[in-house]
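Everything below concerns the one structure shown next.
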Number of protein chains: 4
Amino acid sequence: MPDSTTLAELTAIALKFRAERDWQQFHNPKDVALSMSLEVAELIEIMQWRNGGELQKHLMAERDHVGQELSDILGWVLLLAHDLQIDLPAAFVAKMKQNAEKYPVEKAKGIAKKYTEL
Amino acid sequence: MPDSTTLAELTAIALKFRAERDWQQFHNPKDVALSMSLEVAELIEIMQWRNGGELQKHLMAERDHVGQELSDILGWVLLLAHDLQIDLPAAFVAKMKQNAEKYPVEKAKGIAKKYTEL
Amino acid sequence: MPDSTTLAELTAIALKFRAERDWQQFHNPKDVALSMSLEVAELIEIMQWRNGGELQKHLMAERDHVGQELSDILGWVLLLAHDLQIDLPAAFVAKMKQNAEKYPVEKAKGIAKKYTEL
Amino acid sequence: MPDSTTLAELTAIALKFRAERDWQQFHNPKDVALSMSLEVAELIEIMQWRNGGELQKHLMAERDHVGQELSDILGWVLLLAHDLQIDLPAAFVAKMKQNAEKYPVEKAKGIAKKYTEL
């Protein structure tokens, strides 16, 4: 897929997959969010007990596996946004603006603190 | 943002935000994955103790909030894919193909079971 | 084990298991907390896509499995408390008192809301 | 509380707290497991962006806070075990035996790998 893949195209793929299996009936928002958290757990499991250079090396070796888990997470994000009629690109841009206000460059530069502690 | 927003565009926004704050130094993969899990928790918290019609109604009322959490999750997905040089659209399409093989329509239609139990 | 099993006894079992395998070296707090979250994910996975009476029935059938996951979670809780020299029974009693103040009976009775919304 | 506090005593405290507030009606197993995962997220948040010596120091300074989150997690573990009529001390001892078989000392000593990879 080219770099120009849109969120709408990926959402369409996920929706087609779901429709073919008639799975929307199971996709209440809570189970969808739960399923998302299970995929994040699978991503984290790849990193369990590894740190620093060893972790980095392991992740590069497991890049396909990591890509699979990130795809599963992304799939649930796209489906939940679709089901709740959320315009995800618009929400994303709005949230980044909000983050920029919470973390102004002059205060947050080089500092890993929550905005409430800046 | 139009429906034609690409993953590359959203990734560029997240990278610019990070570069301006010089935050890449903190973004080791484990803390990034952890942060993703914290955002999923914030999404789930919106649904805590609510179910059925009440949950659906609450989520529609909280749609902006849900969109913010989904955006935060998506942001971490995009950054981690970028940092590990993963072509996320390609990975997504490949994973959906793999899922389609694990869950063939004739076996999985209308059934919410893990592929190992089908 | 009788009902009179103490937290100290269970902690001792977990510590002995760890010492025999020389695993304390891997148990930095972040990976321990991560591992705890992975066990919670395994617990949640038992409940995925099931709700209401079907979920209840499934959990009773899977009681041994649920007990295993709860035990794994408990094990990490006990080890982390031990490693950080936290007196968990004392902390528990103190936290329940704090919760009682945050959720006074006359305000919270029969209401599933966060204390900030009561 | 002395070191001799039993799981049964802590469970009794949690049950009394719940009964006084008439909250059992909300405690379906899925929302209980979800709530447990939210408390684990709060624990993990204390560790976000910190590592090594800095993390260790921060956790010692935040020991009360950590104890509160561990207590909340423990509370949900005890309540779920109670609600599903699971004898948690017995389950714990059984699971540790199972773990000992999955990870025999001679194979697992000093090695942080999943049993399937040993």
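A few points about this structure:
- Test: residue A:110 is surrounded by fewer than 18 Cβ atoms within 10 Å (Cβ to Cβ) and small (Gly, Ala, Ser): yes
- Residue match in region B:7-14 (condition: free of Cβ contacts under 8 Å to residues at least 12 places away in the same chain and hydroxyl-bearing (Ser, Thr, Tyr)): no
- Search result, residues across region A:28-41 that are more than 8 Å from chain C (Cβ to nearest Cβ) and open to solvent by 20 Å² or more (accessible area, probe 1.4 Å): A:39
- Filter pass, residue D:77 being of a type in the set (Val, Ile, Thr) and in contact (Cβ under 8 Å) with a residue 40 or more places away in the chain: yes
- Scanning region A:11-40 for residues that are among the acidic types (Asp, Glu) and in contact with a Lys or Arg (Cβ under 9 Å, 6 or more places away or on another chain) yields A:20, A:22, A:31.
- Residue D:19 of a type in the set (Gly, Ala, Ser), over 15 Å from residue C:95 (Cα atoms) and more than 14 Å from chain B (Cβ to nearest Cβ): yes
- Qualifying residue in region B:15-25 (condition: over 22 Å from residue A:75 (Cβ atoms), open to solvent by less than 10 Å² (accessible area, probe 1.4 Å) and touching a residue at least 24 places away in the same chain (Cβ under 8 Å)): yes
- Pairs with Cβ under 9 Å, 6+ apart, first in region C:92-118 and on the phi > 0 side of the Ramachandran plot, second part of a loop (DSSP other than H, G, I, E, B) and open to solvent by less than 40 Å² (accessible area, probe 1.4 Å): C:110/D:23
- The lone criterion from (1) touching a residue at least 12 places away in the same chain (Cβ under 8 Å); (2) farther than 27 Å from residue C:50 by Cα left unmet by residue B:65 is number (2).
The values are calculated or read from the model by the stated rules, or taken from the named source; none is laboratory data. Quantities reported herein were computed from a predicted structural model and do not represent experimental measurements. In this analysis, Cβ positions are derived from the backbone assuming ideal geometry, glycine residues included, and neighbour counts consider all displayed protein chains. Protein only, heavy atoms only, side chains kept; ligands, DNA and RNA dropped before computing areas. Shrake-Rupley method; radii C 1.70, N 1.55, O 1.52, S 1.80 Å.
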